[in-house]
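The values are calculated or read from the model by the stated rules, or taken from the named source; none is laboratory data. Since the structure is predicted, the reported quantities are computational estimates derived from the model, not experimental observations. All Cβ positions, even for glycine, are placed from backbone atoms using ideal geometry, and neighbour counts span all protein chains on display. Areas reflect the complete protein model, heavy atoms only, side chains present, ligands, DNA and RNA absent. Shrake-Rupley method; radii C 1.70, N 1.55, O 1.52, S 1.80 Å.
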Amino acid sequence: MSMPSAQPQSPIQAPPVVVARALTKTYDTGGTQVHALAGVDVDFHRGAFTAIMGPSGSGKSTLMHCLAGLDVPTSGSVHLGRTQITGMRDGELTLLRRDRIGFIFQSFNLLPMLTAEQNILLPSQIAKRKVDPERLDHIIDVVGLRDRLGHLPAKLSGGQQQRVAVARALLNAPEVVYADEPTGNLDSRSGSEILAFLRNSARDLNQTIVMVTHDPVAASYADRVVFLRDGRLVDEVTDPTAELVSERLLKLEA
């Protein structure tokens, strides 16, 4: 009698890269308490590009700052991989941000006296970290900076400067990249190029990217959009379109 064939095992989903649980952040403003975060539970998985959205004052930037160890939550926990970052000392947080997290800001934060290539390599040199030449080569090609590497920031367009900042953030394959309004200072064409690159980085480099934005068009490049209102996670969409995101935002602002 033939033995029944074994059932294929269901694939085990990888644990999330970033996990926040019961996250709160309260500010005292002249005797009044403001609850910027009021109990947020959210996960971010490897290779996913997630946008965080919400009305002005909803807690978007506060959430990102707490997730990235730039701000200390009032209560709750944040894990990066297996490391609980809430409760870490300042020195430990500095090393964690340097070694395991990438940052992209609205202002490009490039050093004006360094070339594009030197700006890309600077964090690795400060950390005395060996650079993978193949990854550097690949990222330079993907961001289209091959013929601009020797230029100072003043000789680059805004879009090119932000591409330098993106390449710098991705070079060391951080566990997560946080992007805070990364296209806020760019024209629509340059912004589209940066957003497409971030989306492709999530897919092609298996990079986890979390972006705060107020722009429905920018959010439409993400795989997933999570919505905050009054410091709470209130909605979520996958495979977003600009129209769908606008519609959800209007409901939240009503």
**Report entry** Which listed residue, of G159, G191, is free of Cβ contacts under 8 Å to residues at least 60 places away in the same chain, within 27 Å of Q125 (Cα to Cα) and open to solvent by less than 20 Å² (accessible area, probe 1.4 Å)
**Finding:** G159
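Looking only at the range 234-254, count how many residues are hydrophobic (A, V, I, L, M, F, W, C) and either at pLDDT 95 or above or open to solvent by less than 40 Å² (accessible area, probe 1.4 Å) (or both). Lay out the reasoning, then the answer.
Taking the range 234-254 and keeping what is hydrophobic (A, V, I, L, M, F, W, C), we get 234, 237, 242, 244-245, 249-250, 252, 254.
The next check asks that each one be either at pLDDT 95 or above or open to solvent by less than 40 Å² (accessible area, probe 1.4 Å) (or both); those that pass are 237, 242, 245, 249, 252.
Total satisfying the criteria: 5.
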Requested in this report: Return yes or no: is S58 part of a loop (DSSP other than H, G, I, E, B), in contact (Cβ under 8 Å) with a residue 40 or more places away in the chain, within 29 Å of S246 (Cβ to Cβ) and open to solvent by less than 50 Å² (accessible area, probe 1.4 Å)?
Outcome: yes
Report summary line: Apart from one, (1) surrounded by fewer than 19 Cβ atoms within 10 Å (Cβ to Cβ); (2) over 22 Å from L110 (Cα atoms); (3) touching a residue at least 40 places away in the same chain (Cβ under 8 Å) all hold for L152; the odd one out is (2)
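Look through the range 194-206, keep the residues that are among the hydrophobic types (A, V, I, L, M, F, W, C) and out of contact with any Asp or Glu (no Cβ under 9 Å at 6 or more places or on another chain), and return whichever of them is surrounded by the fewest Cβ atoms within 10 Å (Cβ to Cβ).
Restricting to residues being among the hydrophobic types (A, V, I, L, M, F, W, C) and out of contact with any Asp or Glu (no Cβ under 9 Å at 6 or more places or on another chain), the top hit is A196.
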Query raised in the report: Does the range 97-112 hold any residues that are out of contact with any strand residue (DSSP E or B) (no Cβ under 7 Å at 6 or more places or on another chain) and either open to solvent by less than 40 Å² (accessible area, probe 1.4 Å) or within 17 Å of A169 (Cα to Cα) (or both), and which are they?
Result: R97, R98, D99, S107, F108, N109, L110, L111
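Here is a yes/no grid of residues against (1) farther than 24 Å from R98 by Cα; (2) among the acidic types (D, E); (3) part of a helix (DSSP H, G or I):
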{"position": "L121", "(1), (2), (3)": "no, no, yes"}
{"position": "E134", "(1), (2), (3)": "no, yes, yes"}
{"position": "D137", "(1), (2), (3)": "no, yes, yes"}
{"position": "G150", "(1), (2), (3)": "yes, no, no"}
{"position": "V164", "(1), (2), (3)": "no, no, yes"}
{"position": "S190", "(1), (2), (3)": "yes, no, yes"}
{"position": "L198", "(1), (2), (3)": "no, no, yes"}
{"position": "S201", "(1), (2), (3)": "no, no, yes"}
